[in-house]
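What follows is a short report on a single structure.
The values are calculated or read from the model by the stated rules, or taken from the named source; none is laboratory data. Please read these numbers as outputs of a predicted model, since none were measured by experiment. Cβ placement follows ideal geometry from the backbone for every residue including glycine, while neighbour counts extend to all protein chains displayed. Surface areas here come from the heavy atoms of the whole protein model, side chains and all, with no ligands, DNA or RNA. Shrake-Rupley method; radii C 1.70, N 1.55, O 1.52, S 1.80 Å.
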Amino acid sequence: MSDQEQLEWEARFGRLAAVAAFAAGFLLLAGTFLLQSIIDDRKRVEPLPDFLLSIDSSPGTMIASQVLLAVSALFLIPVFIYLFRAILHRLPTLPRWFVYLILIGPVFYAISLVFGAIDRVDVAHQFADRSSQVGNHCPAILGNAGDDCAHDLVADDVNPIAIGLSLAGSVATAFLFVMLPLRARRAGLMSQFMSILGVIAGALMVLRLMPLVPEITQAFWLGAVGALFLGNWPGGRGPAWATGQPDPWPTSAQRRGLVRAGGGAPENGNAPENGNAPEPAATAEPEPTPQRPSSRKRRRKKG
């Protein structure tokens with residue numbers, strides 16, 4: 001495919017990919033905050049038991065939030081496909097097996113979210129109904145005993161298929177968040193900031209160090225990618241989007257005109273645009289220094 005044909009394809013499908021990116025980010029935040037809305041701060045109840053009791057109080061909300069997250073994961077497919085094809089044209093060395101991860105990873109992840117929600121609703125009902133005798137602490141709810149009971153119930157309700165789908169899907173999707181932005185930067189399709197932010201979003205998706213931070217970071221990156229696909233980027237997109245070649249993304253200094261894209265003297269410095277050397281400024285003549293009147297002693301002649 002020629003550069004012109006590739007650019008026409010990107011122009012034709014860029015809007016659809018941008019809509020998918022915006023939808024993925026919006027649904028991710030919607031599902032996350034919908035899930036957070038059901039959590040109550042119950043006294044003498046530890047976080048996990050409180051979460052299970054909240055799920056049992058609103059099982060429909062729990063399932064709805066996970067369905068939103070699953071649909072958000074599916075919207076990642078057109079986003080990654082568009083970015084993958086744009087990178088592949090400019091960097092033919094990009095491994096083509098990435099496309100299989102793009103198709104399989106988000107699908108597995110979406111399925112695991114729905115299955116996990118159904119299992120969690122069942123565990124929450126057993127915990128709230130005190131109908132389980134798993135472990136040594138059930139059917140306790142309050143205090144440390146309730147916390148131990150909740151952990152025993154969650155550990156006992158292990159579904160190998162759901163866990164396998166969740167692990168494979170999340171790792172594959174996180175891998176795409178890391179590798180595609182790095183390759184996009186090499187192809188000149190992303191700035192260094194966007195590339196690093198994608199890596200952070202992928203790492204947080206697996207590590208889960210802090211609540212809400214992975215989802216907010218990922219949603220912000222998706223929104224920025226959508227704007228990039230539409231061409232609504234502050235200061236304009238990199239030249240690779242217009243040439244179809246792996247032209248480097250200009251640095252901030254180059255965008256401000258302080259350094260030429262190919263190196264050399266600053267564009268707004270001493271070198272003018274026409275290439276002629278500037279005329280030397282006229283040397284200012286020094287102002288005459290007023291002379292002090294000589295003293296009377298110097299006026300007298302020595303006899």
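Quick notes on this one:
- Members of segment 153-174 that are open to solvent by 50 Å² or more (accessible area, probe 1.4 Å), in contact (Cβ under 8 Å) with a residue 12 or more places away in the chain, in a helix (DSSP H, G or I) and farther than 30 Å from residue 95 by Cα: 156
- Selection within segment 193-212 - open to solvent by 50 Å² or more (accessible area, probe 1.4 Å) and at negative phi: 193, 196, 200, 206, 207, 209, 210, 211
- Unique match (being at pLDDT below 95 and in contact with a His (Cβ under 7 Å, 6 or more places away or on another chain)) among 48, 52: 48
- Hey, residue 186 open to solvent by 40 Å² or more (accessible area, probe 1.4 Å), over 23 Å from residue 24 (Cα atoms) and in contact (Cβ under 8 Å) with a residue 12 or more places away in the chain or not: yes
- For beta carbons closer than 6 Å, sequence separation of 6+ or different chains, a first residue in segment 217-233 that is open to solvent by 20 Å² or more (accessible area, probe 1.4 Å) and a second that is in a helix (DSSP H, G or I) and of a type outside the set (A, V, I, L, M, F, W, C), the qualifying pairs are 223/25.
- Residue count, segment 123-146 (criterion: open to solvent by 30 Å² or more (accessible area, probe 1.4 Å), in contact (Cβ under 8 Å) with a residue 60 or more places away in the chain and farther than 24 Å from residue 60 by Cα): 2
- Per the conditions (1) open to solvent by less than 20 Å² (accessible area, probe 1.4 Å); (2) over 22 Å from residue 97 (Cβ atoms), the sole criterion not satisfied by residue 177 is (2).
- Just so you know, in segment 67-122 the residues that are β-branched (Val, Ile, Thr) and open to solvent by less than 30 Å² (accessible area, probe 1.4 Å) include one that is farthest from residue 167 (Cα to Cα), and it is 87.
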